[in-house]
Each structure stands twice: as C-alpha cells, then as structure tokens.
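The block underneath contains the structure these notes are about, expressed in structure tokens.
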Amino acid sequence: MSLDRGFVDIIDRKDWEERLASGRPLRIKFGIDPTNVSVHLGHCVALRKLRQFQQAGHRIVLIIGTLTATIGDPSGREKTREGLTLEKAVANGQAYLAQIAKFIALSDTQVEYNHHFLDLRGLLSLLGQATAQQILHRDDFQRRIAASDPISMKEMVYPLIQAWDSVAVKADVEIGGTEQLFNLQFGRNIQKVQGQPPQVACTLPLLRGLDGVRKMGKSLNNYIGLDEQPFEIFSKVMSIPDSIMPEWYRLLTDRDPVFLPESLFALKKQLAFDIVSDLHRVDTAIDAQADWQKRFSDRQDPDDPIEVTIPKPEHTILALLRIACFAKSNNGARRLVEGNCVSLGERDHKITDPKCVVYVKDGMMLRAGNRRVCRLRVKEAGA
C-alpha cells in the first residue's frame, strides 16, 4: 500500500518525493494532546498511518503534548479551550501510551513529552521568531475576530510550541488531521528559521463520529474509546448511520467493498469485526459478534450479566436506573424511560411512566435497551 494513500494535503510534494527516494529512514512526527484518559477511534486514522510508516522502516516520533495540553489547541475552535494542569496532562499521557501500543511498537518509537522542550528563556526566544500577524491569519482566529469573540494570548502561543516540537526532534514529516494544517505549516516555517530542512506537512481526513455528522470527539460524546470493551465497540459500530460506512471503511480498514443496499447490514458487521480485531484480537472479535447477535438479533440476555446489589426491593424506576449506573442523573434516567427502552423482569414488560415505583424480586433482570443489562440482587439491611 502506498504511503501517501489517504492523505489530503502533502506540503510540499517535491520534498516528499525526494525524501522517500533517499532511501533513509525518515523521522515521522505525530503529536497528541492528552486531554482525557481515553484515546478514541478518530485518532486511529493517524495511528494506522504511523503503523504503516513503521512497518516500512521509518522512525516514529510520538509527541505527548503535556505542555500544549495546558493551553488547549485552538484549531477548529470557536472559543477558548480550557487547558489541563501539567500533572493531569502527564498522567493522561501515560494512559494514552497503553492504548497507542495497540497500533505501533512503542519499543521502536521515540516518545517525548513536550513540556521538556521549552523553558521561559527558550519560549521568549521563540516568540521573537514569529509575528502576531502570522498567528492571527489563521482561519479560526479570523472567524473569532469577525464575531468579536476573545482570543487568549496563550492560544496564540500554541502553534509556536507545536512548531518547536518539530525543531526539537528534527522532524522530516509531520502527520495531523486537516484542522492541523496551519500548525503543521507553521512548523515548517520555524524549522527554516532554525536552519533545518522544513518538514513535509501531511494531513488526513477527520473521522465523523457516531452521529454521522460532526467529527468524532470526547466533548461531543460521539466517540468510541480504544479502552472500551469489545462488545461495546462492536455495538457502537453497528449503531452508526449507513451513510458514513464508506468513510469508516476507507479510514479505518484496508478494505474497499462495493456498497449495495442489500449488503449494507453484512458490511456493517464486517466493519465492526475488523475494528474490534484491530483493537483487540480476532478471537475477541468473534466473541463480541456472537454476543451482539444473541442480544440484538436474537433478543436474548447475556449468559453472565453484571450483578447489581440493591439495599431494598422498592424503588422509583429513576432511582433504580441510577443505582444500576444506566444513567447519571434523574433527567438521563427519565429519557431512557420515555424512550420506551426500559424493562424489568420479562423483556416485553416495558416501563414507560417515569413516576413508576417498582418492587424488585431477587434475580430480576433490568434492561435499558440491549447494551445495558444487569441482574438485580436484593440484600436488605440485616439480611
């Protein structure tokens, strides 16, 4: 498979072709800000590309953005993003590495935390190598200026710090999503100022999330986390709109199927199987598919459901859903009930009244749809 397959931008193409033709291992930089403890499937578009480069004999340089995460990437943002503490960013970075290891061999990867690259003196020197006009030229900031929305000074520093990462590791190529093009090109500019050959800026498409509309993101809650259980991953893939299946196949697999109306269901199952296999193992994907078939197609409860102990038999249905962790709040529980997906005991015994008070017998099954299922155990005080 060609190394440039799937790229949207390659800047510039001449440098790209010359560096590949040189025959030497290239230093391929990829930066990721540890804004949470979970890497999501949208990151896999780049991680799969990194794996391809690694298998071709190139050197992956993984930047954990512990400094940039304290600022918050303004790319694609209409307002200032809240940053993390450095301590939290470092802890999240450790969690990220365990998940990234599913795709690339960390033993053969240079891993750097970018808060090590700059001190105050270095930052002040770096600020002298760019102008405010250069930073404010980016589309994100121009939209905010037009809307009279604030732009913080720390956001203006963000692309400089990301650019300095490229200088620090002497990157030959940097990979990022299409929203990162400004930052990647800025890295080229700073490398030139520092007397280094400018990196090739390569962008990849952004994966749309479970809603089929917006890009996948944790803040939008339309994501699949790499650390989620295989059954959850399989089920979530099966829930995506048919319209984004070609995009997911192109960005997350090596398959190029023909999409016909009569084959969409089978293709979606194949997609779910491939993604679980990539994140876990083939035998795990086989089990996840069998479990999904049983619970969704055959409408059977799992063989070994989670057991939840409740302190008394009588509860409001909203409280019971919260105790079972099917909902975080009464409002969330009410939405489940009003969505006609809650049942207690027999599967067809739907509870549709949010004010309902239920009496639970030990061993009853509580369900909220097909993915959230538990067996209730009643253990009253003194029993």
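Read the figures in this text as sums done on the coordinates, not as results from a lab. This is a predicted model, so every value here is computed, not measured. Using ideal geometry, Cβ is built from the backbone for each residue, glycine included, and neighbour counts are taken over all protein chains shown.
If you average the alpha carbon positions of the range 26-53 and of the range 106-159, how far apart do those two centres end up, in angstrom?
Each part's Cα centre sits 20 Å from the other's.
Per-residue HN-Hα couplings for the range 344-355, Karplus 6.51 cos²θ - 1.76 cosθ + 1.60 at θ = phi - 60°, whole Hz, x for Gly and Pro?
10, x, 5, 4, 7, 7, 6, 10, 10, 9, x, 8
Run the numbers for His137 and Arg377: contour at 0.36 nm per residue of separation, minus the present Cα-Cα distance, in nm.
This chain segment gains 80.3 nm when fully extended.
Could you give me the ³J(HN,Hα) list for the range 141-153, computed from phi with Karplus coefficients 6.51, -1.76, 1.60 and θ = phi - 60°, whole Hz, x at Gly and Pro?
Here the 3J(HN,Hα) series is 6, 4, 5, 5, 4, 5, 8, 6, 8, x, 10, 6, 5 Hz.
Can you give the net charge of the other residues whose Cβ lies under 9 Å from the Cβ of Asp165, counting K and R as +1 and D and E as -1?
With Lys, Arg at +1 and Asp, Glu at -1, the net is -1.
Which label marks the calculated value of Rg and Dmax of the Cα atoms in Å, given the options [x] 21.0, 72; [y] 21.2, 64; [z] 24.4, 77?
Checked against the structure: label [z].
Note down the magnitude of the dipole of the range 306-378 about its Cα centre, charges +1 on Lys and Arg C-beta and -1 on Asp and Glu C-beta and zero elsewhere, to the nearest 20 debye.
The calculated dipole for the range 306-378 is roughly 240 debye.
Farthest toward the dipole's positive end in the range 1-88, which of Gly57, Leu67, Asn36, given Cβ charges of +1 (Lys, Arg) and -1 (Asp, Glu) about the Cα centre?
Going by the Cα projections, it comes out as Gly57.
Ratio to report: Rg/Rh of the range 230-297, with Cα atoms as the point set and Rh obtained by the Kirkwood method; give two decimals.
Ratio of gyration radius to Kirkwood radius for the range 230-297: 0.94.
Among Pro197, Gln134, Gln180, whose Cα lies farthest out toward the positive end of the dipole of the range 9-204, if unit charges sit on the beta carbon of Lys, Arg (+1) and Asp, Glu (-1)?
The listed residue farthest towards the positive side: Pro197.
If you keep only loop residues by DSSP, which chymotrypsin sites (Phe, Trp or Tyr not before Pro) in the range 222-273 have at most 15 other Cβ atoms within 10 Å of their Cβ?
Qualifying residues, ordered by number: Phe259.
Lys312 versus Ser243, label points 7 Å from Cα toward the beta carbon: distance in nm?
About 4.9 nm, to one decimal.
Would you list, by chain and number, the lysines whose Cα falls below 18 Å from the Cα of Lys379, excluding same-chain residues fewer than 8 positions away?
By straight Cα distance, Lys379 reaches Lys312, Lys361.
Which residues' amide hydrogens lie under 5 Å from the amide hydrogen of Gly217, considering only partners 5 or more residues apart or on another chain, with H built in the peptide plane?
Here Asn222, Tyr223 satisfy the definition.
Determine, from the Cβ-Cβ distance of Asp12 and Ser219 and an R0 of 41 Å, the FRET efficiency 1/(1 + (r/R0)^6), rounded to the nearest 0.05.
Details: r = 33 Å, r/R0 = 0.82.
Result of the calculation: an efficiency of 0.75.
Report the full-extension gain for the segment Phe296 to Leu260: residue separation times 0.36 nm, less the Cα-Cα distance, to one decimal in nm.
10.7 nm is the gain from fully extending Phe296 to Leu260.
GNM, the chain, Cα, under 10 Å: largest mean-square fluctuation among Ser277, Ser148, Ser38?
Maximum fluctuation in the GNM of the chain, among the listed residues, is at Ser148.
Starting from 0.36 nm per residue, how many nanometres of slack lie between Arg334 and Thr85 once their C-alpha separation is accounted for?
Values: separation 249, 0.36 × 249 = 89.64 nm, distance 3.54 nm.
Taking Arg334 through Thr85 to full extension adds about 86.1 nm, to one decimal.
If r is the Cβ-Cβ distance from Lys102 to Ile151 and R0 is 41 Å, what FRET efficiency results, to the nearest 0.05?
Numbers: r = 37 Å, r/R0 = 0.90.
E between Lys102 and Ile151, to the nearest 0.05, is 0.65.
For the chain, what is the charge dipole size about the Cα centre, in debye to the nearest 20, if Lys and Arg each add +1 at the Cβ and Asp and Glu each add -1 at the Cβ?
In debye, rounded to 20, the chain gives about 440.
Divide by every residue of the chain the summed helix terms, -39500 (n - 2.57) for each DSSP H run of at least 4, and state the resulting mean residue ellipticity at 222 nm, rounded to the nearest 500 deg cm²/dmol.
Helix-only estimate at 222 nm: -11500 deg cm²/dmol.
Hey, which lysines would be in cross-link range of Lys49, C-alpha to C-alpha under 22 Å, not counting anything within fewer than 8 residues on its own chain?
Here the lysines satisfying the reach criterion relative to Lys49 are Lys14, Lys29, Lys102, Lys170, Lys215, Lys218.
Nearest-5 percent of antiparallel DSSP beta bridges in the chain?
Around 40 percent of the beta bridges assigned by DSSP in the chain are antiparallel ones.
Could you tell me the relative contact order of the chain? Use alpha-carbon pairs under 8 Å, at least six residues apart, and round to a whole percent.
For the chain, the relative contact order is 15 percent.
Quick query: amide H of Ile60 versus all other amide H atoms, modeled in the peptide plane; which residues come in under 5 Å with a sequence gap of 5 or more or a different chain?
Residues meeting the criterion, in which the H sits 1.01 Å from N, are Ile28, Gln110.
If I model a spin label at Asp287 and Ser2 as a point 7 Å from the Cα along the Cα→Cβ vector, what separation in nanometres do I get?
4.1 nm
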